[in-house]
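> Below is one structure. I have some questions about it.
The values are calculated or read from the model by the stated rules, or taken from the named source; none is laboratory data. Only a predicted model underlies this, so the values are computations on that prediction, with no experimental measurement involved. With ideal geometry, Cβ positions are generated from the backbone for all residues, glycine too; neighbour counts draw on all protein chains shown.
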Amino acid sequence: AVVNRINAVEKSTDAYLSLQTEVALEMAQGLDAELSVRAQRTPLEGIPYGLKDNMCTKGILTTCASKMLYNFNPPYNAEVYDRLSEAGGILLGKTNMDEFAMGSSTENSAYKKTRNPWDLNKVPGGSSGGSAVAVAADTAFYTLGSDTGGSIRQPAAFCGVVGMKPTYGLVSRYGLVAFASSLDQIGPFTKDVEDCALVLNAIVGHDAKDSTSLNLGKVDYTQNLKQGVKGLKIGVAKEFFGEGLQPEVRKSLEEAIAIYKTLGAEIVDVSFQHLDYALSAYYMISSAEASSNLARYDGIRYGFRAEEYSDLVDLYKKTRSQGFGDEVKRRIMLGTYALSSGYYDAYYKKAMQVRTIIKADFDQVFGGCDVLLTPTAPTTAFGIGEKTSNPLEMYLTDIYTVPVNIAGIPGVSIPCGLDNNGMPIGMQLLGPILSEETLLKAAWAFE
Ligand code: GLN
């Protein structure tokens with residue numbers, strides 16, 4: 001059914017960069033035969049899914065939507081891919097994204113523009129736009145994305161699906177092509193909250209191959225899912241309802257707050273002191289880390305190499321000039337500048353200090369509530385091409401999602417209404433480190 005759906009709509013949505021539907025069908029048939037003589041089935045067994053194209057898949061192209069990796073067939077698998085294979089998942093293909101996950105609309109892909117299935121003239125959000133669209137357009141039952149500053153939650157909101165960024169360290173980053181290593185985290189896109197819990201069950205867990213992976217006992221995220229929100233303290237902060245918030249988004253969030261009240265939750269006012277600095281700190285830190293992580297693309301070891309060059313330095317220069325797109329170059333330049341001697345203290349170090357202060361802000365807020373309720377993004381999906389000439393305006397779409405990565409805490413975006421043009425609105429629920437169970441419980445109660 002999913003392959004039929006792909007054949008019918010993928011041409012207009014362009015969610016995938018590569019597909020392996022024949023292989024998927026063969027795997028499904030093999031599994032059917034096996035299951036006909038076996039009574040028990042595990043939850044994800046035989047369920048077709050998609051992976052963002054920045055997760056390594058052995059022998060399957062992994063391009064990060066960049067010309068730089070146009071021919072990169074990884075010699076190893078990302079840990080999440082191995083875990084999903086073990087859970088019986090069937091990989092359909094690799095999904096489109098902003099180049100190296102830098103962007104908020106998937107328009108920075110070197111290969112194609114993914115379209116929002118709710119309105120094909122609108123962006124799907126980004127950077128995991130392909131993963132969000134595959135779930136929204138029924139061309140996968142679930143997908144994985146990566147979230148460095150909102151790249152799971154924002155496209156989930158724009159496409160009307162569930163998207164979760166887990167606590168930093170909960171899901172292994174082994175085999176995820178690095179953008180900003182201290183912020184990157186893998187998480188699921190699903191049609192509903194229960195599916196989100198099921199996918200999380202499969203991908204969470206310690207991995208010795210990722211030095212930042214948390215070593216904790218196993219949790220079943222479906223166990224307390226349906227317990228309701230009676231007595232749960234839900235915080236609302238005016239800093240998340242400021243200037244630039246689309247009126248329909250505000251209204252829909254206010255309605256959501258009223259629904260939580262009727263469900264027995266207690267709504268409390270909380271406030272942040274330093275949230276205004278989060279976006280600048282994020283773009284400083286993420287670009288600094290990106291400039292270092294992307295130094296490896298030199299045209300020597302793998303990936304793209306310029307055809308004509310005079311010497312080694314010229315080879316580096318031409319390869320990187322031709323292989324990277326504009327946004328990636330902008331981040332490399334910004335990050336290199338922020339890390340250079342003479343500027344390091346004023347920019348990178350300052351941003352790291354701001355990071356500590358923002359973490360403290362969240363600690364203080366979670367002293368007064370269990371969960372924080374915010375809009376996922378200030379607006380619903382915007383038009384294709386609308387913000388491409390103004391990077392700052394594009395960065396501003398991340399204003400409600402980046403503080404979460406800076407603090408390393410988990411966040412989930414769930415659909416909570418439609419705007420006047422019928423485009424989906426997303427609500428974001430945030431909690432302290434490792435509060436995934438509480439977040440999913442609160443999300444399920446609303447859904
Ligand atoms: N839009 C943000 C950026 O461009 C977030 C990207 C992400 O989460 N990967 O950096």
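> In the range 141-181, which residues are polar (S, T, N, Q) and away from the ligand (no atom under 13 Å from the Cβ)?
Thr143, Thr167, Ser172
> In addition: Does the range 239-275 hold any residues that are small (Gly, Ala, Ser), surrounded by 14 or more Cβ atoms within 10 Å (Cβ to Cβ) and in a helix (DSSP H, G or I), and which are they?
If the condition is that a residue be small (Gly, Ala, Ser), surrounded by 14 or more Cβ atoms within 10 Å (Cβ to Cβ) and in a helix (DSSP H, G or I), then Ser252, Ala256 are the ones that fit.
> Against the definition (surrounded by fewer than 21 Cβ atoms within 10 Å (Cβ to Cβ), without any contact (Cβ under 8 Å) to a residue 40 or more places away in the chain and away from the ligand (no atom under 16 Å from the Cβ)), how does Asp82 come out, yes or no?
yes
> While we're on this one: State all residues of the range 323-340 that are without any contact (Cβ under 8 Å) to a residue 60 or more places away in the chain and either buried (at least 19 other Cβ atoms within 10 Å of the Cβ) or outside any helix (DSSP H, G or I) (or both); if no residue qualifies, say none.
If the condition is that a residue be without any contact (Cβ under 8 Å) to a residue 60 or more places away in the chain and either buried (at least 19 other Cβ atoms within 10 Å of the Cβ) or outside any helix (DSSP H, G or I) (or both), then Ile332, Gly335, Ala338, Ser340 are the ones that fit.
> In addition: Of all the residues that make up the range 369-407, how many are part of a loop (DSSP other than H, G, I, E, B), within 14 Å of the ligand (Cβ to nearest atom), more than 19 Å from the chain's Cα centre (by Cα) and in contact (Cβ under 8 Å) with a residue 24 or more places away in the chain?
Going through the range 369-407 one residue at a time, the tally reaches 2.
> Let me ask something else. Could you list all residues from the range 92-140 that are part of a loop (DSSP other than H, G, I, E, B), small (Gly, Ala, Ser), surrounded by 24 or more Cβ atoms within 10 Å (Cβ to Cβ) and within 16 Å of the ligand (Cβ to nearest atom)?
Gly103, Ser104, Ser105, Ser109, Gly125, Gly126, Ser127, Ser128
> Which of (1) touching a residue at least 60 places away in the same chain (Cβ under 8 Å); (2) among the small types (Gly, Ala, Ser); (3) in contact with a Lys or Arg (Cβ under 9 Å, 6 or more places away or on another chain); (4) closer than 26 Å to Ser435 by Cα is the odd one out, the single condition Ala290 does not satisfy?
Of the numbered conditions (1) touching a residue at least 60 places away in the same chain (Cβ under 8 Å); (2) among the small types (Gly, Ala, Ser); (3) in contact with a Lys or Arg (Cβ under 9 Å, 6 or more places away or on another chain); (4) closer than 26 Å to Ser435 by Cα, the odd one out for Ala290 is (4).
> Name every residue in the range 351-368 that is without any contact (Cβ under 8 Å) to a residue 24 or more places away in the chain and farther than 29 Å from Gly264 by Cβ, in order of residue number.
Matches in the range 351-368: Gln353, Thr356, Ala360.
> Between a first residue in the range 6-18 that is modelled with pLDDT of 95 or more and of a type in the set (Val, Ile, Thr) and a second residue that is surrounded by fewer than 22 Cβ atoms within 10 Å (Cβ to Cβ) and part of a strand (DSSP E or B), which pairs have beta carbons less than 8 Å apart while being 6 or more apart in sequence or on different chains?
Matching pairs, first to second residue: Ile6/Leu19.
> Only residues in the range 293-304 that are under 20 Å from Thr148 (Cα atoms) count as the first member; pair them with residues that are of a type in the set (S, T, N, Q) and at pLDDT 95 or above, Cβ under 6 angstrom, at least 6 apart or cross-chain, and list the lot.
Listed pairs, sorted by first residue: none to list.
> Okay, next question. Please state which one of Ser12, Ser66 is surrounded by fewer than 16 Cβ atoms within 10 Å (Cβ to Cβ) and farther than 25 Å from Ala208 by Cα.
After ruling out the rest, the residue left standing is Ser12.
> What number of residues within the range 297-322 are in a helix (DSSP H, G or I) and exposed (fewer than 13 other Cβ atoms within 10 Å of the Cβ)?
Here the count works out to 4.
> If a residue must be in a strand (DSSP E or B) and of a type outside the set (A, V, I, L, M), how many such residues does the range 147-174 contain?
The total comes to 2.
> Right, here's the next one. Got a number for residues in the range 341-359 being small (Gly, Ala, Ser) and surrounded by 13 or more Cβ atoms within 10 Å (Cβ to Cβ)?
The number of residues fulfilling the criteria is 1.
> Out of the range 283-332, which residues are within 16 Å of the ligand (Cβ to nearest atom) and of a type in the set (Asp, Glu)?
Those that are within 16 Å of the ligand (Cβ to nearest atom) and of a type in the set (Asp, Glu): Glu289, Asp326, Glu327.
> Output the number of the condition that Thr42 fails; it satisfies all remaining conditions of (1) modelled with pLDDT under 95; (2) in contact with a Phe, Trp or Tyr (Cβ under 6 Å, 6 or more places away or on another chain); (3) among the hydroxyl-bearing types (Ser, Thr, Tyr).
For Thr42, the exception is condition (2).
> Let me confirm something: among Ile257, Ile186, which residue is of a type in the set (A, V, I, L, M, F, W, C), within 16 Å of the ligand (Cβ to nearest atom) and in contact with a strand residue (DSSP E or B) (Cβ under 7 Å, 6 or more places away or on another chain)?
Only one candidate qualifies: Ile186.
> Give the number of residues within the range 199-239 that are under 30 Å from Gln273 (Cβ atoms), of a type in the set (Gly, Ala, Ser) and touching a residue at least 40 places away in the same chain (Cβ under 8 Å).
2
> On to the next question. How many residues does the range 408-441 hold that are crowded, with 24+ Cβ neighbours inside 10 Å, of a type in the set (A, V, I, L, M, F, W, C), outside any strand (DSSP E or B) and in contact with an Asp or Glu (Cβ under 8 Å, 6 or more places away or on another chain)?
0
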